[in-house]
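Asks: This is the structure, below, for whatever I ask next.
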Amino acid sequence: MSESDVADAGQADAGLARIGWAERSMPVLGLIREAFEREQPFEGLAVAACLHVTAETAVLAKLVTAGGGRLDLAASNPLSTQDDIAAALAASPGITVHARSGVDRRTYYAHIHRALDAAPGLVIDDGCDLVNTLHTERPELLAGVRGGCESTTTGVVRLRRMAADGTLAFPMVAADASRTRRMFDNFSGTGQSVIDGIIRATNTLLAGKVVVVAGYGPCGGGIAERARGLGAQVIVTEVDPVRALDALMQGFRVLPMAQAAPLGQVFITATGSREVIAAEHMALMRDGAILANAGHFDVEVDVRALADLAVAVHPAVRPHADEYLLADGRRLILLAEGRVVNLVAAEGNPAAVMDLSFGVQALALAWLADGGGELRPGVHEVPAEIDARIATLALATLGAQIDTLTAVQEKYLDSWRYGS
């Protein structure tokens, strides 16, 4: 393993305290860790990960090493890296960290390369940058990779394109598409944490404001519901007619972005696409409109177009809020430089949510380490058994119980012969 590259190793104690706090809200990972300590599913394996370096991620990282693996961790977003957490992990046995807050693009990719220097047998990605770099710049390492997990919708889209092109060289599990993740992480977790990030960055009152949510997938739906719950008037924009119809049936107004642009006061993108808010939309917006992105990359809001429209930029008018002054005197407020607002301006999803999401990834990774049913290269769904195990563990930690099917019910459901 190479040496860690962190901002300040002296922050390790502060990071350890925050990791301990997160662990209190992550009992499912605690139960999985106990099993991994006995079973050692990653014994002798190198694992390369490109993830947000947060306290919750640290709990997952320590679980990998508890299961016998060695972990090289790079950051999936320079602005979301928490330097105290990076320092704490770098001081932990079996973990090397390549992450510093605020690094430039060149250093970001240099850190990914350093994580790959370990010649991983398994990978964990958040946005597909690590897997993409592995295929395009480090192809000599591909033969040694058994498989990996992808955490985000954006990353899964990129992986499916690679698979369709015939270039994806090993199996990747779409952890983002699991039932538990979609239900809790995307809808509840992202819905809450994005609103949290916007309020922290602006101290704005959402009650009575017009909030435009671009995209009505699980993330966008959660954001729209939380904004409405705080008293906002919510408009949804979509390109998918089924999702647009769903939003309409849930009571939201649905408009094209060109029609929503002059009405909105807060804009939140959650599509996984690019230039969702473009120059022609910015030209129509009200003075003081707030622009925030909840997607993975900083391309959903066309930041370059915004810079070209501006005659002056006032950075950091509040932490993580930059003001762009346009020629006609209007001001547009861009949050988190167009990057994912809940992780830059806030702390990401609550630990209790990440407990389930990372639990899915941990079990999927162990499944891959054991052969994954001899999967072929491509994008694969999380096995239903893993989803069910995570839900069962979560129910147990919450003290909840459920019914089981009787023999008569099982026979009825398994047969096509019974009628009304």
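The values are calculated or read from the model by the stated rules, or taken from the named source; none is laboratory data. These figures come from a predicted structure and were not determined experimentally. All Cβ positions, glycine included, derive from the backbone under ideal geometry; neighbour counts span all protein chains shown.
Asks: For the condition assigned to a helix (DSSP H, G or I), at pLDDT 95 or above and not β-branched (Val, Ile, Thr), what is the one hit in 148, 191, 166?
Replies: 191
Asks: Would you be able to tell me the number of residues in the range 9-27 that are part of a loop (DSSP other than H, G, I, E, B) and over 21 Å from residue 397 (Cβ atoms)?
Replies: 0
Asks: For the range 269-353, list the helices (runs of 4 or more DSSP H) that sit wholly inside it and hold at least 3 residues that are among the hydrophobic types (A, V, I, L, M, F, W, C) and farther than 27 Å from residue 59 by Cα; which are they?
Replies: In the range 269-353, 303-309 are the helices (runs of 4 or more DSSP H) which contain 3 or more residues that are among the hydrophobic types (A, V, I, L, M, F, W, C) and farther than 27 Å from residue 59 by Cα.
Asks: Okay, moving on. Could you check how many residues of the range 133-158 are under 16 Å from residue 49 (Cβ atoms) and either under 17 Å from the mean Cα position of the chain (by Cα) or surrounded by 20 or more Cβ atoms within 10 Å (Cβ to Cβ) (or both)?
Replies: Matching residues across the range 133-158 total 9.
Asks: Among the candidates 15, 44, 30, 68, single out the residue that is closer than 14 Å to residue 95 by Cβ and surrounded by fewer than 24 Cβ atoms within 10 Å (Cβ to Cβ).
Replies: 68
Asks: Please tell me if residue 206 is closer than 18 Å to residue 346 by Cβ and of a type in the set (A, V, I, L, M, F, W, C).
Replies: Here the answer is yes, as residue 206 does meet what is asked.
Asks: Please work out which residue is modelled with the lowest pLDDT, limiting yourself to the range 169-179 and to residues that are surrounded by fewer than 22 Cβ atoms within 10 Å (Cβ to Cβ) and in a helix (DSSP H, G or I).
Replies: Result: 177.
Asks: Which of (1) touching a Leu at 6+ places or on another chain (Cβ under 6 Å); (2) over 30 Å from residue 262 (Cα atoms); (3) small (Gly, Ala, Ser) does residue 371 not meet, given it meets every other one?
Replies: (1)
Asks: Sticking with this one: On the basis of being within 18 Å of residue 179 (Cα to Cα) and either at pLDDT 95 or above or surrounded by fewer than 24 Cβ atoms within 10 Å (Cβ to Cβ) (or both), does residue 332 make the cut?
Replies: Answer is no for this residue.
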